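Before any comments, here is the structure.
Here, each number is a calculation from the coordinates, and none is a lab measurement. The structure displayed is predicted, hence computed values, not measured ones. A quick note on method: Cβ atoms are made from the backbone with ideal geometry, for glycine too, and the neighbour counts reach across all protein chains shown.
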Amino acid sequence: MTSLRERVRSGEFLRGTFLNLGSPLVAEVCALSGFDWLLVDLEHGFRGDEALIGQLLAGAAHDVPVLVRTESAERIRVGHVLDLGAAGVMFPRLNTPEEASAAVTHLRYPPRGDRGVASYNRARSFGGDTRDAKEVDDSLLCLVQIETLSALGNVEEIAATPGVDVLFVGPGDLSTALGVPGQWSSREVIDALERVATAARGANIAAGILTPDLERVPSLNEMGYSFISIASDSAILRTAARRASGQAS
């Protein structure tokens, strides 16, 4: 089966959503709803590792890869979510190519990286995974967030870092850093988004972004964003609930 990383690297347009409610059942609903990928948000989401495994299993039951945004880029933290079976890791708040390079290292087994070697975990089929280290390494997706002025200033170098697969814009943080919080149509935000997309295109990797507005997806895709999150489980539920209650059209 083609891995999510291979699909991303081929330039395929892929839609997903963030999971921040910490519910395996909600994760399963999302997995059954046609998304290409799901992402468990441990940075801002509710609950932690005790709920992560259920969400990973929900995705696996329906062949939908599940990524994880970790709270930090610490080696032990990254290795833990990989051992549980994450299809890749999103790294928040990375500002330099050196930080991006270190993050990639945590996704790889020695000698390419410093991920701890263990074959008895869920990710390795509890000892039944016959793939070699390189095959495992090459299946994992690395997403680096661009959400600060430092990251934006270094975006071309971050994009060129070997092993980075996706530059993923955090629009709330980045627009705030630019001094125009939430003003998605401002010149400052548009210029920044175009710079990220251009950097990704130049490095032959993907540009990704989260958008709460479904109507913005075509224009973002036209700009060069092929890895797009449509809101989150909680936002989707709130929108549907408000419509059902008559509070929104």
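At most 16 other Cβ atoms within 10 Å plus a DSSP loop assignment makes a site exposed; report the longest stretch of the chain without any exposed chymotrypsin sites (Phe, Trp or Tyr not before Pro).
Working: sites that count: PHE13, PHE46, TYR120, TRP184.
Excluding the exposed sites themselves, the longest stretch runs over 47-119.
Give the shape of segment 109-184 as rounded, prolate or oblate, defined through the alpha-carbon gyration tensor: a ≥ b ≥ c are the square roots of its eigenvalues, a/c under 1.5 means rounded, and otherwise the shape is prolate if a/b is larger than b/c and oblate if not.
Working: a/c = 3.95, a/b = 2.51, b/c = 1.57.
Prolate shape, in that a/c is at least 1.5 and a/b is the bigger ratio.
Per-residue ellipticity at 222 nm for the chain, helices alone: DSSP H runs ≥ 4 residues times -39500 (n - 2.57), over residue total, nearest 500 deg cm²/dmol?
Numbers: 12 runs with 107 residues, N = 249.
The per-residue figure over the chain is -12000 deg cm²/dmol.
So for the pair LEU237, SER72, with labels modelled 7 Å out along Cα→Cβ, what separation do we get in nm?
Those two pseudo-labels are separated by 2.9 nm.
Answer rounded, prolate or oblate for segment 1-89, using the Cα gyration tensor with square roots of eigenvalues a ≥ b ≥ c: rounded when a/c is under 1.5, else prolate when a/b is larger than b/c, else oblate.
Oblate, because a/c is 1.5 or more while a/b does not exceed b/c.
SER185 versus PHE46, label points 7 Å from Cα toward the beta carbon: distance in nm?
Taking the two extended label points, one gets 3.3 nm.
So the label point goes 7 Å from the Cα of ARG15 along Cα→C-beta, right? Which residues of segment 192-214 then have their backbone N under 11 Å from it?
In segment 192-214, the label zone of ARG15 (backbone N under 11 Å from the point 7 Å along Cα→Cβ) covers 214.
Which of rounded, prolate or oblate describes segment 4-243 when judged by the alpha-carbon gyration tensor and an a/c cut-off of 1.5?
oblate
Report the extension gain between ALA61 and ASP114 in nm, rounded to one decimal, defined as 0.36 nm multiplied by the number of residues separating them, less their alpha carbon distance.
Roughly 16.1 nm would be gained on extension.
Per residue of segment 66-77, what does 6.51 cos²θ - 1.76 cosθ + 1.60 with θ = phi - 60° give for ³J(HN,Hα)? Whole Hz please, x for Gly and Pro, Karplus curve as stated.
Per residue, the Karplus-derived 3J(HN,Hα) values read 10, 9, 9, 8, 7, 6, 8, 9, 5, 4, 5, 5 Hz.
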